[in-house]
Amino acid sequence: MTYVIGLDYGTDSVRALLVKAENGEIVATSVFTYPRWEKGLFCDPAKNQFRQHPLDHLEGLENTIAEVVRESGIAKSQIKGICVDTTGSSPMAVDQNGESLAFSEGFQENPNAMMVLWKDHTAIKEAAEITELSRTWGGEDFTKYSGGIYSSEWFWSKILSIHRKDKGVANATFSWMEHCDYITGVLTGIDPVNLKRSRCAAGHKALWHQDWDGLPPESFLSQLDSSLAGLRKNLFAKSYASNEVAGKISKHWALKLGLSEDTLVAVGTIDAHAGAVGAGIVEHSLVKVIGTSTCDILVAATDEIGKNLIKGICGQVDGSVLPGCTGLEAGQAGFGDVLAWFSKLLLTPSIQLIQSTDFLDTHTKENLIQEMKDGMLINLSEEASKLSMEDCKLVSLDWINGRRSPDVDESLEGAVMGLNMGTSSAHIFRSLVESLCFGSKCIIDRFEEEGLRIDEVIAIGGVANKSHLVMQTMADVLGRTIKITASTQTPALGAAMYAAVAAGVFENMEMAIKAMGAGFCQVYIPNLALKKDYQEKYQQYRLLGEVSHEFKHRNN
Ligand SMILES: Nc1ncnc2c1ncn2[C@@H]1O[C@H](COP(=O)(O)OP(=O)(O)O)[C@@H](O)[C@H]1O
Ligand SMILES: O=C(CO)[C@@H](O)[C@@H](O)COP(=O)(O)O
C-alpha cells in the first residue's frame, strides 16, 4: 500500500490528511489552529491589515504531520509524497535561504516582515497603480490574463506597498515567496531561486505568463518603483504545475516529522485550486469554495479558450488546476466572514455586559459566552429560515470586505437598504445571505457573458457543509442544482491527489481524481416557485450596487 499526505493551510488553521493513495481512504487527520493569529497579533482590522507570523505555520507543519504519521502507525517507507496548499496571494519576504525575515534579528515583531494574508487590503493604492501602468506604459498589458484589473490582494501590490513603507524590510529582503512556495521550500530545503514555484500562484497572483517569458520585465517593475529594481532576478523565471515534484524532503524535516528521506514533495498550490481537484473538477464544472471568502474555480480546455480574455475575474492560467486545461478563478472577498461579522456585531455588547456583571461567577460567564459564540450563527440561521419571501424586503450588498469579482474593487463597502422599526436581526441576516448569493450569481453571469459554459455547480468548504439556509438560497438564486462534496477536507484531499501523481502512484490527475475522490453527500435543488421573486430582487441588488459604487467613488 502507498500513502500520501495533503497539507492544507487555511485562514485560521492548518490540517494534514494522511490518505491511502490507491482509493483515497482517510487514515488520519490532524488540525492545528494558529495561536498568534487567534490572539489577533500583528493585525489591525480597522486598517485591513492581516499578517501571520510564520511560526504559526511552522508549528502547524510539525504538529499536524508528525501527528498523522504517529497516529496512523503506517511505516514511513510507505508514505511516498506530500503536497502543500495554502491561501493566496499570501506572500512573505525571505532571505537567501528562503527563511522568513520575521526570524531575523530586529524583525521579529515587525508585521511587514511576516506573511501578508490574502485578505490584507492595505495595498489598494498600489494595485490601482499597477493596473494603470500596465495599461499605459506602452508595452504589454500584463493584467490581460488576470481579468484586466490588478488586485490589492495579490503579490506585486503587497510587495510594492511594503517596499515603500518599510525601507528596513525592503533592504533586508532577498526574495518574496508565496506561502505555498515558502512551505514547500522549508520542507525541501531548496533556496528561493532554485525552488520550483507554483504555476497556480505565479499565474493567478504574480502576473506570470508564458507569453512574456514569466514575470513582468525589469523595465516595467523598476518603472513602477525603484525599490523593486533588482528583485526580479531573485524571484523565478519558470513555474510548475502541482503534479510535478519540487524535490525530496530534507533530512532535517524528515527526522522532525517521522518521514523517510525518500518522501517526495510536490510543487505547492493555492487552497481553492486544490479544493477544486479534491471535489473532482472536470471541464465546465464550477467548483465554489465557500468558506471565509469564496473562490469560484472553472476549468476548460486551453485550446477551447484560445486567446479569449475573460474580463473581471482573478485570472486564467494554463495548468493552474489540471495540466492541459486553463484554470479560471473568480470569487467573493467576504462570504462566511460577512456572516461572522454580523454575528460578532450582535455578540460584542452582550459579551461585554456579561463580563461586567457581578451576578455570575467567572466559570459561568465563560461557559455562557462560549455557548453564545457557538450558537449565534445557528440561531440566526434558524430564525432567518422561518421568514417567508413576503417578510424579506431588505436588500443588502455583500461587499463588506470589498468586491473581488466581477471587476475587483476592494474600496467598495457593504450596505443594508430598507431598514424600518420592524426590522429584526433575522431579517438582516437573511438579507445578507441573499446578497452573498446574488454576489455569486454576478460571477456566474460574468463567466457566461464571456462565453464560458458551466455544466454543473459543486460546492465545498465550511459554509457549504454547515449552512442549509445559505446553500438552499444559493440554489434558488442561481436557479441551479448544487452538489456538496462528501469530504469536509476537500483542499487537503486535492493536495493528496497532486502528491499521489507527483510520487508516481497515478499517471495523471484524472486517474487520481477517479480513484481518490470522495463523491457527494447532498444535492440542493432550486425551488422554481421562488425564481421570479429572486430575479426581481437580483435586479434591486444590482441597482443598489450601482448606487453604492457611485456614492463611494464620488465621495473619494
Ligand atoms: N452555520 C453557519 N452558517 C453560516 N456560516 C457559517 C456557519 N458556520 C460557520 N460559518 C462560516 O464558515 C466560515 C469558515 O469556513 P471554513 O471553510 O471552515 O474556513 P476557511 O474559509 O478559513 O477555510 C466562517 O466565516 C464562518 O462564519
Ligand atoms: O483567494 C484565495 C485563493 O485565490 C483563497 O486562498 C482565499 O480566498 C482564502 O480562502 P479560505 O479562507 O482559506 O477559504
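For the range 401-489, applying the loop criterion from DSSP together with a ceiling of 16 other beta carbons within 10 Å to the trypsin sites (Lys or Arg not before Pro) yields ARG453. Over the chain, DSSP H runs of length four or greater, each weighted -39,500 (n - 2.57), average out per residue to a 222 nm ellipticity of -12500 deg cm²/dmol. Here LYS80 is the anchor, and the lysines within straight C-alpha reach of less than 21 Å, apart from those fewer than 8 places off in the same chain, are LYS20, LYS196, LYS248, LYS251, LYS256, LYS514. At a Förster distance of 35 Å, what's the computed FRET efficiency of ALA229 paired with HIS284, Cβ-Cβ distance as r, to 0.05? So, using R0 = 35 Å, E works out to roughly 0.20.
Other residues within the sphere of radius under 14 Å centred on the Cβ of ALA21, judged by their own Cβ, net out at 0 (K and R +1, D and E -1). Summing +1 for each Lys or Arg and -1 for each Asp or Glu, what net charge is found among the other residues whose Cβ lies under 14 Å from the Cβ of ALA272? Net local charge, ALA272 excluded: -3. For a label point 7 angstrom out from the Cα of LEU55 toward its Cβ, which stretches of the range 74-103 have the backbone nitrogen within less than 11 Å? It comes to 103, nothing else.
Between the beta carbons of HIS252 and GLU507, assuming R0 = 51 Å, the FRET efficiency works out to 0.95 to the nearest 0.05.
Cβ-Cβ distance of GLU383 and ARG164, R₀ of 60 Å, FRET efficiency by 1/(1 + (r/R0)^6): the value works out to about 0.80. For the range 108-122, 3J(HN,Hα) computed residue by residue from phi via the Karplus equation (6.51, -1.76, 1.60; θ = phi - 60°) reads 4, 10, 8, x, 6, 8, 9, 6, 8, 5, 3, 8, 6, 10, 7 Hz, glycine and proline entered as x. Loop-located GluC sites (Glu not before Pro) in the range 66-115 (DSSP state other than H, G, I, E, B) with a sparse environment of at most 15 neighbouring Cβ atoms within 10 Å: GLU105, GLU109.
Qualifying GluC sites (Glu not before Pro) in the range 187-268, where qualification requires a DSSP coil assignment and no more than 13 other C-beta atoms within 10 Å, comprise GLU261. The Cα center of the range 481-556 and the Cα center of the range 291-357 differ in position by 9 Å. Counting only DSSP beta bridges with both residues in the chain, tell me the antiparallel percent, nearest 5. Once the DSSP bridges in the chain are tallied, antiparallel ones form about 70 percent. Ordering SER435, ILE482, GLY451 by Cα displacement along the dipole of the range 388-495 toward the positive end leaves ILE482 in first place; charges were set at the Cβ atoms of Lys, Arg (+1) and Asp, Glu (-1). Each residue of the range 261-269 was assigned a 3J(HN,Hα) from its phi angle through the Karplus curve 6.51 cos²θ - 1.76 cosθ + 1.60 (θ = phi - 60°); the sequence is 6, 8, 4, 8, 10, 6, 5, x, 8 Hz, with glycine and proline shown as x.
Shape of the chain from its Cα gyration tensor (a ≥ b ≥ c, root eigenvalues): rounded if a/c is under 1.5, otherwise prolate when a/b > b/c, or oblate? Taking the square roots of the gyration eigenvalues as a ≥ b ≥ c, the chain is rounded. Report note on the peptides 343-352, 508-517: ranked by the mean count of other C-beta atoms within 10 Å, highest first, their order is 508-517, 343-352. Can you give the net charge of the other residues whose Cβ lies under 13 Å from the Cβ of GLU59, counting K and R as +1 and D and E as -1? In short, -2. Measuring from a point 7 Å past the Cα of ALA340 along Cα-to-C-beta, which residues in the range 439-463 have an amide N at less than 16 Å? From the range 439-463, the list is 461-463.
Using a simple spin-label model with pseudo-atoms 7 Å out from Cα toward Cβ, GLU413 and LEU41 lie 3.2 nm apart.
Every number in this text was worked out from the coordinates using simple rules, so none of it is lab data. Values in this document were obtained by computation on a predicted structure and should not be read as measured data. Please note: Cβ atoms are built from the backbone with ideal geometry, for glycine as well, and neighbour counts cover all protein chains shown.
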